[in-house]
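The values are calculated or read from the model by the stated rules, or taken from the named source; none is laboratory data. Predicted, not measured: the structure shown is a model, and the values here were computed from it. Don't worry about glycine lacking a Cβ; one is built from the backbone with ideal geometry, like all the others, and counts go over all protein chains shown.
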Amino acid sequence: MTLRIPLAAPDITQAEIDAVTAVLRTPCLSLGPELEAFEKALAEYHSVEYAVAVSSGTAGLHLALLVLGIGEGDEIILPSFAFVAVANAVLQVRATPVFAEIDPVTLNLDPASVERAVTPRTRAILVVHTFGVPAEMDALQAIARRRGLAILEDACEATGARFGDSAGGRRVGNFGDLAVLGFYPNKQLTTGEGGAVLCREPAHAKRLRSLRNQGRSCDAGEPAQLAEGGRPLPGWLDHEEPGYNYRLSEMACALGRVQLSRLGQMLALRQAAAKRYNELLSEIPDLERPALELPRRIISWFVYAVRLPRDVDRKGVQSLLAREGIDTGRYFPPIHLQPAWRAHSSASTSLPLTEAIARRMLALPFFNRITASQQQEVAEAMGEAIRSQR
Ligand SMILES: Cc1ncc(COP(=O)(O)O)c(C=O)c1O
């Protein structure tokens, strides 16, 4: 059931509707000019050579792990305070997730904990830029270099965030050997469902394009001609290796292209909304609000999540807010505590900080067009709900 003030909402304007409608007036609904244009725009935006659009962030993680050659017997270090897709993708390639602790401020991988988790079987660090806050890339890259590990960036929650000293640093997605973006409707940029893998190596891009398209040997642009001529193309029925259908439709790419052109404006709206929440919630005792600014980082606001006072029952707060028509989210229950993971050997790990933080987290309604009066209403309801729980 959708509540009156939802947790997230996509920001779709007439420009997006026009772009998608224009595609629907053509015979080319997959693997055509919109895919090419969207991929080019994504690569340029992130200052990388290649972007390969795929059907979801999870599909992107799966392909990125395959392209890095990760498989059975390999260990991947990643946070447990994350969306479950990151660990699922590691299992999908039969590798072993090794969960590390997070930094209490950025909520991202703690480099010291990562260092401790490295074993002779470790192959990669899966760095998630949680909630749009860039991870400590310098320290993580130094560990990867020293220990001979790959870095796979998961920037699904962080499109547009930046890290580094000079001139605002570099966009996340530009640091790893490969990086993954996600475009689910709650994200800063949406294609409905969708994602992309960013890379620099031509061989990586070629393999990603082949794997997303059933392991075909032909290139992404070619099948557009199929729709026109109706003839199978040379290569269309040749498969170099077993692959997947992880293609992203032309409608989705058209939507994404327009969203990307508006991203700067959309991120500014989100930042303003975060600032307003921080002011409105400042009077609630013991409620910890997210930092609006962090050294060496430009945040791309994905969710607005607070830490409830330690003595407050989160479930109680959530149901009181829901009664007022206000949606909230438990972002994120640690992966190693999920029922699906309890029996898995990776779950027998001690992550006291992750568990203590996750217990208190609560995401509030947060989207580009949230109004000041909606935020005021949420803040007042929060104040009352917390008071009533103490
Ligand atoms: C950090 C992270 N990685 C991966 C994913 C998976 O993306 P998708 O839902 O597009 O498969 C998500 C979320 O939606 C995410 O937040």
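Pull up the range 17-60, narrow it to residues that are within 16 Å of the ligand (Cβ to nearest atom) and not aliphatic (A, V, I, L, M), then point me to the one that is nearest to Thr159 (Cα to Cα). Can you show your working first?
Within the range 17-60, the subset within 16 Å of the ligand (Cβ to nearest atom) is 38, 42, 51-60.
Keeping just the survivors that are not aliphatic (A, V, I, L, M) gives 38, 55-58, 60.
Numbers: Phe38: 14, Ser55: 17, Ser56: 14, Gly57: 12, Thr58: 15, Gly60: 14 Å.
So, considering only residues that are within 16 Å of the ligand (Cβ to nearest atom) and not aliphatic (A, V, I, L, M), the one nearest to Thr159 (Cα to Cα) is Gly57.
Report the residue count in the range 337-357 for those that are touching a strand residue (DSSP E or B) at 6+ places or on another chain (Cβ under 8 Å), in a helix (DSSP H, G or I) and at pLDDT 95 or above.
Residues flagged as touching a strand residue (DSSP E or B) at 6+ places or on another chain (Cβ under 8 Å), in a helix (DSSP H, G or I) and at pLDDT 95 or above within the range 337-357 amount to 3.
Can you tell me how many residues in the range 345-382 are within 27 Å of Thr106 (Cβ to Cβ) and over 26 Å from the mean Cα position of the chain (by Cα)? Before you say what the answer is, go through the steps one by one.
Quick first cut of the range 345-382, residues within 27 Å of Thr106 (Cβ to Cβ) only: 346-368, 370, 375, 378-379, 382.
The next check asks that each one be over 26 Å from the mean Cα position of the chain (by Cα); those that pass are 379, 382.
Residues that pass the stated criteria total 2.
In the range 163-180, which residue that is farther than 22 Å from Leu294 by Cα and under 15 Å from the mean Cα position of the chain (by Cα) is farthest from the ligand (Cβ to nearest atom)? First the steps, then the outcome.
In the first step, residues of the range 163-180 are kept if they are farther than 22 Å from Leu294 by Cα; the result is 177-180.
Cutting the leftovers down to under 15 Å from the mean Cα position of the chain (by Cα) gives us 178-180.
Details: Leu178: 14, Ala179: 11, Val180: 7 Å.
It comes out as Leu178.
Read through the list (1) at pLDDT 95 or above; (2) over 30 Å from Glu75 (Cβ atoms), then give the number of the only condition that Gln389 fails.
(1)
Please pick out the residue among Glu153, Glu115 that is among the acidic types (Asp, Glu), in contact with a His (Cβ under 8 Å, 6 or more places away or on another chain) and under 22 Å from Thr96 (Cα atoms).
Values: Glu115 fails: in contact with a His (Cβ under 8 Å, 6 or more places away or on another chain).
Result: Glu153 is the single residue among Glu153, Glu115 that is among the acidic types (Asp, Glu), in contact with a His (Cβ under 8 Å, 6 or more places away or on another chain) and under 22 Å from Thr96 (Cα atoms).
How many of the residues in the range 11-53 are in contact with a strand residue (DSSP E or B) (Cβ under 7 Å, 6 or more places away or on another chain) and among the aliphatic types (A, V, I, L, M)?
Adding up the residues that qualify gives 8.
Failed condition for Ala43, given (1) within 16 Å of Gly192 (Cβ to Cβ); (2) within 18 Å of the chain's Cα centre (by Cα), with all others met?
(1)
Identify the residue in the range 148-158 that is within 11 Å of the ligand (Cβ to nearest atom) and more than 14 Å from Ala64 (Cα to Cα) and, among all such residues, is nearest to the chain's Cα centre (by Cα).
Filtering the range 148-158 for residues that are within 11 Å of the ligand (Cβ to nearest atom) and more than 14 Å from Ala64 (Cα to Cα), the one nearest to the chain's Cα centre (by Cα) comes out as Glu157.
Is it the case, given these coordinates, that Ala135 is assigned to a loop (DSSP other than H, G, I, E, B), of a type in the set (Gly, Ala, Ser) and under 24 Å from Leu337 (Cα atoms)? Write out each step before concluding.
On the way: assigned to a loop (DSSP other than H, G, I, E, B): yes; of a type in the set (Gly, Ala, Ser): yes; under 24 Å from Leu337 (Cα atoms): yes.
For Ala135, the condition - assigned to a loop (DSSP other than H, G, I, E, B), of a type in the set (Gly, Ala, Ser) and under 24 Å from Leu337 (Cα atoms) - is met.
For the range 1-22, give me each residue that is closer than 20 Å to Pro185 by Cα, of a type outside the set (S, T, N, Q) and in a helix (DSSP H, G or I). Can you show your working first?
Quick first cut of the range 1-22, residues closer than 20 Å to Pro185 by Cα only: 1-21.
Among the residues that remain, those that are also of a type outside the set (S, T, N, Q) are: 1, 3-12, 15-20.
Residues satisfying the conditions are Ala15, Glu16, Ile17, Asp18, Ala19, Val20.
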